[in-house]
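A quick write-up on the structure given underneath.
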Amino acid sequence: MIPFQSLISHWIALLKSSCTLVGWHLGPSVRSMLESSCKVVKEGLLEKRSDGLLQLWKKKRCLLTEEGLLLIPPKQLDQQQQQQPGSPTEPARIKELHFSNMKTVDCVERKGKYVYFTVVMAEGREIDFRCPQDEGWNAEITLQMVQYKNRQAILAVKSTRQKQQHLVQQHGHRIRSTSNSA
């Protein structure tokens, strides 16, 4: 059994630096999420309900970062780890749920050994997940999303204040210039 920390380090190393070596084609948003926020808050398995007619539960390896949630099909990660370096592989089908596109985590329901919850995206799309009750994925995703949104709100306030200060400075400069010319 691989220790938890080394597994996380291994995933990040695979996803960040080795992507081009093993033939993975990460989207710019996934790559930027990994590069900007390397801190993995939680790692493990989640089950996601498929969009198909049967709506089967499919296991996904998940990395929760300060920027969002990465979903990796577990079979794909195992194949990548077992392949020889430099051999051609299929492009990674990593899905990214970035907090900037996430609206809420809803519908938390406990049934049997599972917790069921829904991630609602900004465009209205709903993604259903389930995990064992003791893993707390829904709470951790919600907490990280709230912290992300708070950081963004603070940055927006700082930006607005800087713009206001700049306008006041420009306006003060204009008043002094017109009074000097009079």
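Key figures
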| item | result |
| --- | --- |
| Residue count, the range 127-138 (criterion: surrounded by 14 or more Cβ atoms within 10 Å (Cβ to Cβ) and either part of a helix (DSSP H, G or I) or of a type in the set (Asp, Glu) (or both)) | 4 |
| Every residue from the range 79-106 that is open to solvent by 60 Å² or more (accessible area, probe 1.4 Å), out of contact with any Pro (no Cβ under 8 Å at 6 or more places or on another chain) and modelled with pLDDT under 80 | Gln79, Gln81, Gln82, Gln83, Gln84, Pro85, Gly86, Pro88, Glu90, Pro91 |
| Top-ranked residue of the range 64-78 - restricted to ones that are more than 15 Å from Asn138 (Cα to Cα) and not β-branched (Val, Ile, Thr), ranked as modelled with the lowest pLDDT | Leu77 |
| First in the range 134-152 and within 12 Å of Lys42 (Cα to Cα) and touching a residue at least 12 places away in the same chain (Cβ under 8 Å), second anywhere and of a type in the set (A, V, I, L, M) and in a helix (DSSP H, G or I), Cβ under 8 Å, 6 or more apart | none |
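The values are calculated or read from the model by the stated rules, or taken from the named source; none is laboratory data. This is a predicted model, so every value here is computed, not measured. FYI the Cβ positions are ideal-geometry reconstructions off the backbone, even for glycines, and counts take in every protein chain you see. Keep in mind that these areas ignore ligands, DNA and RNA; they rest on the heavy atoms of the full protein, side chains included. Shrake-Rupley method; radii C 1.70, N 1.55, O 1.52, S 1.80 Å.
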